[in-house]
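Asks: For reference, the structure I am asking about is given below.
Quick note: the coordinates plus some simple rules give every number you see, no bench work behind them. From a predicted model like this one, the values you see are computed outputs, not experimental measurements. All Cβ positions, even for glycine, are placed from backbone atoms using ideal geometry, and neighbour counts span all protein chains on display.
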Ligand code: FE
């Protein structure tokens, strides 16, 4: 696993759009059915929009109907970190990038087999790369 990446808010602001910054660095959430990947079916890999960490494969993406890109597993468990999130009066599990701490979304236990998990992610926290464009 590569070293952790630490940047200040100002440094992140330079690298991201205002929407990406608000969601990935400030734990925002895009509105359902508005992101660029919830209804997107290309073959490839989804990278962290902040640091390029390879997070999810299209192989584990599925149509959850929730309005956000949904995966039943990360590329490797070590690519993401889970932590309890009690904000907004809900008990949820937040998912962050293990390399740079970017807020990605939440994971729920209503996903399909084989894991039963639904990684409910923000499109704005991800950057899709087609398989044949991966190095
Ligand atoms: Fe990252």
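Asks: So if the hydrodynamic radius of the chain is defined as the Kirkwood radius over C-alpha pairs, what does Stokes-Einstein give as its diffusion coefficient at 4 °C and 1.567 mPa s, in µm² per second?
Replies: Values: Rh = 14.9 Å.
D = 87 µm²/s.
Asks: Now, a different point. Under the definition of Cα pairs under 8 Å and six or more residues apart, what whole-number percent is the relative contact order of the range 31-133?
Replies: Numbers: 229 pairs, mean separation 31.3, N = 103.
Reported relative contact order: 30 percent.
Asks: Find how much the distance from residue 3 to residue 93 grows on full extension, using 0.36 nm per residue of separation minus their present alpha carbon separation; answer in nm with one decimal.
Replies: Details: separation 90, 0.36 × 90 = 32.40 nm, distance 2.39 nm.
The residue 3-residue 93 span can extend by a further 30.0 nm.
Asks: Could you work out, for the range 16-74, what percent of all Cα-Cα pairs fall into each 10 Å distance bin, beginning at 0 Å and stopping at the bin that holds the largest distance?
Replies: 22, 52, 26
Asks: Related question: Work out, step by step, the length gained on full extension between residue 86 and residue 115: first 0.36 nm times the residue separation, then minus their alpha carbon distance; give nm to one decimal. Show your work: numbers first, answer last.
Replies: Values: separation 29, 0.36 × 29 = 10.44 nm, distance 2.36 nm.
My answer for the length gained is 8.1 nm.
Asks: In deg cm²/dmol, rounded to 500, what helix-only [θ] at 222 nm does the chain give when every DSSP H run of at least 4 residues adds -39500 (n - 2.57) and the total is split over its residues?
Replies: Estimated from H runs of four or more residues: -1500 deg cm²/dmol.
Asks: Computed FRET efficiency, Cβ-Cβ of residue 132 and residue 39, R0 30 Å: what is it to the nearest 0.05? Walk me through the intermediate numbers first.
Replies: Values: r = 22 Å, r/R0 = 0.73.
Calculated transfer efficiency: 0.85.
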